[in-house]
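Worksheet: the structure to be examined is printed underneath.
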Amino acid sequence: MPTYSFVARNEQGQTQRGLESSDSQASLGAVLRARGLRLLKVEEQVEKVSPLEWVTTHLNPMQYIPPRGLHIELMLSQLAVMLRTGVTLLAALRTCEQQARFAPMRRMVARINLAVQDGQALAEAFEAEKRIPQIAIQMTRVGELTGNLDTVLDKSAKTLANRRRNLSQTITALAYPAFVAVAAVGVAIFMVVFVIPEVNKAIAAMGRKLPAMTQMLVDISEWIQTNGVATVVITAGIILAGVLIFLWPPSRFQIDRLALRVPLIGHVLRVGGTLTFGSALQSLLASGITIVEALRTVERLHYNRFLASRVAAARESIIAGDSLAPSLAEKHTYTPMLASMVAVGEEAGQMEEVLEQVNDFHDEQLQKAIQRLSKLVEPMVVIFVGGIVGFVYMSFFLALFAATGGI
């Protein structure tokens with residue numbers, strides 16, 4: 001809470017000076033008027049910062065990293081708890097601002113607090129912040145209209161936490177084999193470029209001939225050293241082209257569509273996408289949001305552009321008067337169970353309850369799919385890595401034997 005120095009005059013015309021903490025200059029003026037004082041002058045007290053503190057604050061890279069999803073979930077949970085215990089919204093926001101560990105998050109909460117002080121709704125203040133997901137904004141808007149803001153904020157935090165956990169598990173399952181393979185290739189390149197040539201020099205000095213396997217690696221090493229710059233430039237160009245292709249919307253759409261058809265990986269992505277769709281739609285419908293608005297929000301939550309397009313098509317079908325289930329039944333999109341259960345929910349009028357069961361089932365299926373993917377991919381990675389490293393090491397030791405006259 002900021003501190004202000006003020007000059008005021010009482011009813012007898014006497015001047016008074018002092019320091020007082022308040023939410024804003026307007027609230028300070030109201031407090032002083034209640035005491036029978038007329039505010040003449042007010043200034044916010046700016047805390048003096050030492051040069052060392054300024055350097056550590058402004059040169060710390062953590063001060064410029066945007067707020068992460070975990071920080072936003074914590075803010076929503078804190079707001080829900082404080083509102084439930086009777087704390088006012090402004091006081092709750094001020095507490096969140098004070099307790100924020102990272103400066104970017106503290107600044108974001110301060111902007112939200114200021115917007116609410118200026119008369120904006122909390123959902124409008126959230127919408128001005130790019131880091132707050134649409135699902136939290138929509139649920140907050142409904143919570144303000146229905147008077148259940150604390151319940152809605154708590155549900156928003158849990159929904160975001162589940163979404164983050166599922167996404168993290170999926171990324172981990174896909175990134176592990178890629179990381180191991182890159183590390184193995186890096187070790188192999190190091191040996192080919194730096195180790196094998198030194199062994200070749202030693203053997204050549206002895207007048208001996210390299211084994212055929214080692215000679216092949218030496219030829220590769222010499223080619224890399226001769227064409228190293230061109231190789232790096234071409235590789236960088238290929239990577240840059242790949243990034244640009246991935247960022248170009250039409251090609252990104254096709255990449256995301258093909259990713260859902262890849263064996264093993266596609267199954268994990270489809271189950272994860274189904275869980276994202278089901279959990280988000282269930283949370284939004286339970287908060288009182290219409291099905292059309294809920295689908296618009298769910299569309300923005302999908303990282304896979306092809307799945308997002310299917311949600312958009314489903315929304316258009318709802319607007320045209322059709323049911324939701326047939327739009328979700330396309331092959332290689334969501335799991336077949338989703339369309340079947342949604343059809344049951346539409347017919348019985350119990351969509352929220354049905355989606356909750358769908359979410360529980362697919363949450364368990366996602367864990368199993370990730371474990372199955374890890375178990376299947378790990379042997380393949382071991383064979384691939386073992387083949388590369390084994391070939392290089394075999395060539396290395398054959399060269400050592402040749403140097404000692406063993407072969």
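Brief remarks on what is shown
- Among the candidates LEU307, LEU295, residue that is modelled with pLDDT of 85 or more and within 26 Å of THR172 (Cα to Cα): LEU307
- Residue check for LEU366: buried (at least 18 other Cβ atoms within 10 Å of the Cβ), touching a Ser or Thr at 6+ places or on another chain (Cβ under 6 Å), closer than 23 Å to ARG310 by Cα and in contact (Cβ under 8 Å) with a residue 60 or more places away in the chain: no
- When each of GLU47, GLU129, GLU53 is tested for being at pLDDT below 80 and in a loop (DSSP other than H, G, I, E, B), the lone residue that passes is GLU47.
- Filtered by the rule that a residue be acidic (Asp, Glu) and in contact with a helix residue (DSSP H, G or I) (Cβ under 8 Å, 6 or more places away or on another chain), the range 312-345 gives a lone residue, GLU330.
- Any hit, the range 226-249, residues being at pLDDT below 75, out of contact with any Cys (no Cβ under 7 Å at 6 or more places or on another chain) and under 26 Å from VAL192 (Cα atoms): yes
Conditions tested, residue by residue: (1) in the same structural domain as GLY278 (by TED's automatic domain parsing); (2) β-branched (Val, Ile, Thr).
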| site | (1), (2) |
| --- | --- |
| PHE126 | no, no |
| GLN138 | no, no |
| GLY143 | no, no |
| LEU149 | no, no |
| LEU160 | yes, no |
| GLN169 | yes, no |
| THR172 | yes, yes |
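The values are calculated or read from the model by the stated rules, or taken from the named source; none is laboratory data. Treat the numbers as computed from the prediction; the structure is a model and nothing was measured. Ideal geometry is used to build each Cβ from the backbone, glycine not excepted, and the neighbour counts take in all protein chains shown.
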